[in-house]
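A quick write-up on the structure given underneath.
The values are calculated or read from the model by the stated rules, or taken from the named source; none is laboratory data. None of these values were measured; they are calculated from a predicted model. Here the Cβ positions follow ideal geometry from the backbone for every residue, glycine too, while neighbour counts run over all protein chains shown. Only protein heavy atoms, including side chains, enter the accessible area calculation; ligands, DNA and RNA are left aside. Shrake-Rupley method; radii C 1.70, N 1.55, O 1.52, S 1.80 Å.
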Amino acid sequence: MTSGVLRKIVVGLIVAAGLTAFAAAQTTAAAEGPGDRVAKLEQQVAEAKSSADNAWMLISTALVLMMTGPGLALFYGGLVRKKNVLATMMQSFAMMAIVTVLWGIVGYSLAFGSGNGFIGGFEHVLLRGVGAQPDADYAATIPQQTFMIYQLMFAIITPALITGAFAERMKFSAMALFMSLWSLLVYAPMAHMVWGKGGVLNASLGGRFPTLDFAGGTVVHITSGVSALVCAQYLGRRIGYPKELMPPHSVVLSFIGACLLWVGWFGFNAGSALSSGSLATSAFVATHFAAAAAALGWGAAEWVRNGRPSALGAISGAVAGLVAITPAAGFVGPMAALAIGLVAGVFCYFMVARVKALFGYDDSLDAFGVHGAGGTIGALLTGVFATRPINPIFHNAQGTALSLGLLEGNYRQLFNQLVGVAIAWALGIVGTMVLLKLVDMVIGLRVPAEQELQGLDLSQHGEEGYYWEVSAP
């Protein structure tokens with residue numbers, strides 16, 4: 001057989017196979033009908049949306065974890081004295097490990113399992129039933145496991161924020177035990193009340209007092225900030241405070257940490273849309289505008305009072321703005337975000353510069369002045385500025401979108417916000433006081449005076465953050 005004949009045979013076979021495949025496709029298309037093709041196309045669109053949402057949520061999860069380590073670890077680590085830098089950073093890192101284990105065992109179930117108005121149940125203990133299928137009540141387009149791991153990052157950073165109040169004087173063992181209990185008995189109930197099925201404050205699932213909290217103003221910042229104040233008061237002042245100057249050992253570290261917090265906060269707030277759509281964009285924009293306005297507000301207030309703005313003031317103001325916009329991020333536009341940020345920057349500066357000095361409590365790193373105060377003012381202003389076009393979360397029986405905030409005529413929403421704030425304050429105060437007393441009785445809270453003077457790096461961990469080599473003369 002010649003090569004020419006062989007080529008003709010091969011070409012013929014290829015053409016025949018193509019015609020057969022084309023005929024089969026035509027037969028299948030005819031058998032499917034227009035309705036089947038539309039259904040198939042809709043399924044492909046849904047799968048594409050689910051993939052996009054899931055990708056954004058996994059990125060947001062990583063951004064929120066970055067807020068704790070390295071963001072908060074660097075921010076807090078730079079603010080303490082050199083002898084306590086590692087111990088302070090280790091507290092944030094420890095939360096990344098401890099809370100993760102607790103969350104997987106029972107924390108997620110207590111926060112997001114079906115329960116009563118105040119606490120979830122045990123249906124998801126050991127992450128039972130938490131897999132690839134979505135939970136439509138929380139996020140219909142992403143796996144429940146993605147939702148679970150995203151919410152874990154909030155559970156990690158919240159107790160880590162409290163450590164700023166008792167920096168430089170609590171035992172590491174006491175911190176670990178107290179924070180473990182606090183995560184389960186304060187954070188989980190508050191998360192369930194605001195975000196969980198059946199929660200008394202849940203705005204999207206019909207809570208008795210629907211509190212607008214898009215990303216954690218009450219759940220994260222008020223509970224941690226108020227608990228921080230209780231911790232500072234219970235442990236008492238550091239040795240030498242306030243007569244002895246205790247300046248930050250490295251504002252450079254804190255500056256880097258604050259910038260990482262700012263970037264990570266986009267995952268914190270925009271990620272709370274639980275999808276990659278326009279609501280995430282709106283929350284992203286509001287977050288950035290509020291942070292910028294608060295940095296300017298704090299800096300201006302400091303400039304007027306002290307005659308010059310400081311780098312520490314600027315980064316503290318930015319964090320205050322990020323805190324305040326957290327509950328409102330998915331409910332307000334850019335200009336309202338600017339207003340919230342500006343008010344928060346000035347207000348938090350006043351709390352740190354004046355109120356703290358007036359009452360004399362030693363909130364070492366101003367966890368209450370920034371997070372407690374900023375979270376409170378942000379939650380209340382959410383009830384004022386929330387607007388229906390941004391996020392029509394409330395509907396009547398006919399499905400018509402209802403007004404959200406005070407400026408739209410919904411006067412009751414400000415009352416609901418007050419209820420949410422009051423519950424967060426009460427739970428933070430009572431829960432923290434009980435747990436502190438319990439841990440104090442069992443293992444003691446505060447390091448001995450000689451260990452505090454030595455520094456927690458050496459006394460608690462047997463190492464130092466910096467080893468300065470001195471050359472021989």
Gap separating the Cα centres of the range 209-231 and the range 386-464, nearest whole Å = 2
Arranged from highest to lowest average of other beta-carbon atoms within 10 Å per residue, in what order do the peptides 391-403, 426-438, 78-90 appear?
-> 78-90, 426-438, 391-403
Where only C-alpha atoms are counted, convex hull volume of the range 319-449 per residue in Å³ | 138
Add -39500 (n - 2.57) for each DSSP H run of 4 or more in the chain, then divide by its residues: what number comes out at 222 nm, to the nearest 500 deg cm²/dmol?
-> -20000 deg cm²/dmol
Just the accessible area for HIS288, please: 1.4 Å probe, Å², rounded to the nearest 10?
-> 80
Averaging sequence separations of C-alpha pairs under 8 Å and six or more residues apart, then dividing by the length of the range 316-439, give the relative contact order as a whole percent.
-> 24
Please work out the Cα convex hull volume for the chain and give it in Å³ per residue.
-> 249
Could you run the Karplus curve 6.51 cos²θ - 1.76 cosθ + 1.60 with θ = phi - 60° over the range 259-275 and give me ³J(HN,Hα) per residue in whole Hz, x for Gly and Pro?
-> 5, 5, 4, 4, 5, x, 5, 5, x, 5, 8, 5, x, 5, 5, 6, 7
So, with a 1.4 angstrom probe, what is the percent of accessible area on the range 125-272 that is carbon and sulfur?
-> 65
Lysine pair count for the chain [Cα-Cα under 26 Å; pairs on different chains or 8 or more apart] | 13
Cβ-based net charge around VAL332, under 15 Å, with every Lys or Arg adding one and every Asp or Glu removing one | -1
Per the 1/(1 + (r/R0)^6) rule, R0 = 51 Å and r from the Cβ atoms of ASP440 and ALA48, FRET efficiency to 0.05 is 0.40
Most packed first (mean Cβ within 10 Å per residue), the peptides 289-299, 238-248, 269-279, 219-229 order as 219-229, 289-299, 269-279, 238-248
Could you go through the range 296-313 in sequence order and give the Karplus-derived ³J(HN,Hα) for each residue, using 6.51 cos²θ - 1.76 cosθ + 1.60 with θ = phi - 60°, rounded to whole Hz, and x for Gly and Pro?
-> 5, x, 4, x, 5, 4, 5, 4, 5, 7, 10, x, 6, x, 10, 5, 4, x
Given the C-alpha centroids of the range 301-348 and the range 115-130, what is the distance between them in whole angstrom?
-> 37
Accessible area expressed per residue, the chain, with surrounding protein chains retained (probe 1.4 Å, Å²) | 43
Which of SER250, SER109 is most accessible, then next, and so on - probe 1.4 Å | SER250, SER109
With a 1.4 Å probe and all protein chains in place, put TRP262, TRP468, TRP303 in order of accessible area, largest first.
-> TRP468, TRP303, TRP262
Scoring only Lys, Arg, Asp and Glu (+1, +1, -1, -1) among other residues with Cβ under 10 Å from the Cβ of GLY115 yields 0
